[in-house]
1. Scan region 573-589 residue by residue and report those that are of a type outside the set (G, A, S) and part of a loop (DSSP other than H, G, I, E, B).
2. Take region 200-222 and flag every residue that is surrounded by 22 or more Cβ atoms within 10 Å (Cβ to Cβ) and either modelled with pLDDT of 70 or more or part of a loop (DSSP other than H, G, I, E, B) (or both).
3. Tell me yes or no: at least one residue of region 555-572 is within 18 Å of L515 (Cα to Cα) and either part of a strand (DSSP E or B) or among the basic types (K, R) (or both).
4. Is it the case that region 576-584 has a residue that's modelled with pLDDT of 80 or more, surrounded by 14 or more Cβ atoms within 10 Å (Cβ to Cβ), in contact with a strand residue (DSSP E or B) (Cβ under 6 Å, 6 or more places away or on another chain) and not assigned by TED's automatic domain parsing to the domain that holds D325?
5. Against the condition at pLDDT below 85 and among the β-branched types (V, I, T), how does V312 come out, does it pass?
6. Would you call S58 in a loop (DSSP other than H, G, I, E, B), within 30 Å of M10 (Cα to Cα) and hydroxyl-bearing (S, T, Y)?
7. For residues that are of a type in the set (K, R) and more than 19 Å from D325 (Cα to Cα), scanning just region 338-365, find the one that is surrounded by the fewest Cβ atoms within 10 Å (Cβ to Cβ).
8. Checking E408 against (1) farther than 17 Å from G277 by Cβ; (2) within 27 Å of the chain's Cα centre (by Cα); (3) charged (D, E, K, R): exactly one of these is not met. Which one?
Amino acid sequence: MSSRLVPKQMMHLSETHPDVYRDFMAGHHVIRRSQRFWAGLSCDLTIEQTLMCSLKSSGGLTRGRGMGELQRLVWLLSMPSCAAVNQWMVSFTHGDSNTEHHKDLTEARQRKDDKDTSTIVTYVLQRNPFETEGHQLVCIATGLTSDTSANVDSAKVIGHRILQTMTGQAVSAVSFKKKEEAVTMSTKPTVKIGGERVSIDPQLLFQRLLHVAGGDLSKLQDIFQHELTALPSSLFDDSGFMRESSKHLLAKHLWDASEGCKQEMLRTKDVHYILDGGSLIHQLSWLRGTSYTHLAERYVEYVKNSYPHATVVFDGYFGGPSTKDMAHVQRRTLPGRDVQFTPDMLLSEKKEEFLSNTTNKQRFIHLVGNCFEENGIPVQHAQGDADCVIVQVALQSAVEYTTYVVGEDTDLLILLLFHVKSDMKDVFFSSSKASTTRLWDIRSTQSRLGPNVCKNILFAHAFSGCDTTSRPFSVGKCVPVKRLQKKNKLFENSAKVFLQTNSDHQMIAETGEKLLVDIYKGNDGDTLDKLRLVKYHEKVFTGSKQVQPKVLPPTSAAAKYHSYRVFYQVQEWACLGTSLELMPEEWGFQLQRGQLLPVHTDIPPAPEELMNIIRCGCTTDCSSQRCSCRKVGLSCTTACGQCRGISCLNSMLPMDEEEEETNI
């Protein structure tokens, strides 16, 4: 505020304070405290270095002496005496300087200036600021690239815009809004799904819809065919992500069921190691100040010392949209930004933050991969997720060599249990963590689990939740495997349907719904829509707290798309992605803004007559959580008071239809 008022007051200084103006124009605005060259100071700086310094330092008024009239008089009248004492003490200790030359003219200072100038020139030559790609702001020191929201380069324009809003207003009426500020590179971006991350309160919407529906049983039967929430709560969490499954629990159950396999990992010439590159990247700690080239060389040394005769398989992150796009966003806990690094550049970011950005990760993978190949270590780069490629390489190796697959992902274990054949050499699966002692003998594990479990384990894993499918709420990860171990006919027959390549949409939807009805302990012939109402009444009459929508089974419409995604994933795993002819857009996924995201359902959250009751009366653009429609995660409709679902930022845009037309 002072930067706006002071210049304006100074423009009229000749009228308001003519004597001060006359002294300033005569050069008296410069105050000299010594006879050195270039030792003149401005008035305000002199006040800060003398009066304010002594006022706020030890012994000053602000250090406990008080600000009363007596204290001020004692302090002011004692200053001349204190100044004299200070001068004598400086002379006695020889602390005063006897030269009139400015310190910047000394030879030592000139040598330091030359050295600093040379350092800056060398630094800039190594990091040419004009060779960066794109039009985003780039920090030449660290290589960090700003996101699209950074506009600090337009600070002057933004400042003028703010000044214009202040013109003609009283000082007390001026307020600065955060959304009008310049956004710097240090501002952390938010995580988005499909372009926007919306805060959804499913409980609020669920209770409002049930309240409006009343207690009419026929009406309840109708509305429970809908989710009554913006998203299927049993399959998706409040942030819109698919509910994650605890895959390690499945691995633990299989380990216990197969009684484990405790033995040492062989390190002979007849053993071939297949390393998961994604897991390998996380094995070594990163030290700041280390060059990226030296870091890559450390990985080479680690692999040579730990895994002779190894092949490394890396994930690919720019092979186009992937069914794992949501899982990648969900795991991105740190808002990492682009780092345009060179091999000789020093590391300045934390490993977790650096690798959370897929662009950084892909560049680093290529750097490490090239370093591996230069040192004779075979490398393969997958187009997308590397799990299928890792198992392919392992199966090819197992024809001639005893093979160890080293990684952390339970998906690798599941794929090996399904694909390894009896005529192959021994295949083992091991964790790369030193603290983990599990070493899986795949053939021994297959014999102990039995063929019934191993041939259906892809279905059991996908149906209970993996990286591309949801885990139904309150359903344990090991439930399908336990049913298969008990030779449950429903699960065995269902697994066959999901493994058949010629199964159609209706067959998959019906089979998946029967399985979910059985898992949620429904009766034969029940549908999920009917079971939802039954479970709701059970929890209302027997529970001690309000019913959460996530504890109810999904609707038939939502379960249908869950089953589609399970079928697609099972087929991809079964053929290891080599001959898959299915299109993900036809099996539970939709392409939005370059990402393959899951389809939630194909029916509205509630019947139309109830949806029209939930409406907003916003007089603004419905861009904040004050809009009651946006607050519950719904788009505005024609029933809304002012916007009518057309002239606001929360309306349903035709963007997705255009994208679908261009992708046909």
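The values are calculated or read from the model by the stated rules, or taken from the named source; none is laboratory data. Computed from a predicted structure; not experimentally measured. Note that each Cβ is placed from the backbone with ideal geometry, even for glycine, and that neighbours are counted across all protein chains shown.
1. The first filter runs over region 573-589 and keeps only residues of a type outside the set (G, A, S), leaving 573, 575-576, 578, 580-587, 589.
Listed by number, the residues that qualify are C575, L576, T578, L580, E581, L582, M583, W587.
2. Step one: of region 200-222, the residues surrounded by 22 or more Cβ atoms within 10 Å (Cβ to Cβ) are 200, 202, 205-206, 209.
Within region 200-222, I200, F206 qualify.
3. Kept after step one, since they are within 18 Å of L515 (Cα to Cα), are these residues of region 555-572: 555-570.
Okay, now just the ones that are also either part of a strand (DSSP E or B) or among the basic types (K, R) (or both), so 560, 565.
Scanning region 555-572, I find at least one residue that is within 18 Å of L515 (Cα to Cα) and either part of a strand (DSSP E or B) or among the basic types (K, R) (or both), so the answer is yes.
4. Yes, region 576-584 has at least one match.
5. Against the criterion (at pLDDT below 85 and among the β-branched types (V, I, T)), V312 does not qualify.
6. Details: in a loop (DSSP other than H, G, I, E, B): yes; within 30 Å of M10 (Cα to Cα): no; hydroxyl-bearing (S, T, Y): yes.
Answer is no for this residue.
7. Among those residues, the one meeting the criterion is K350.
8. (1)
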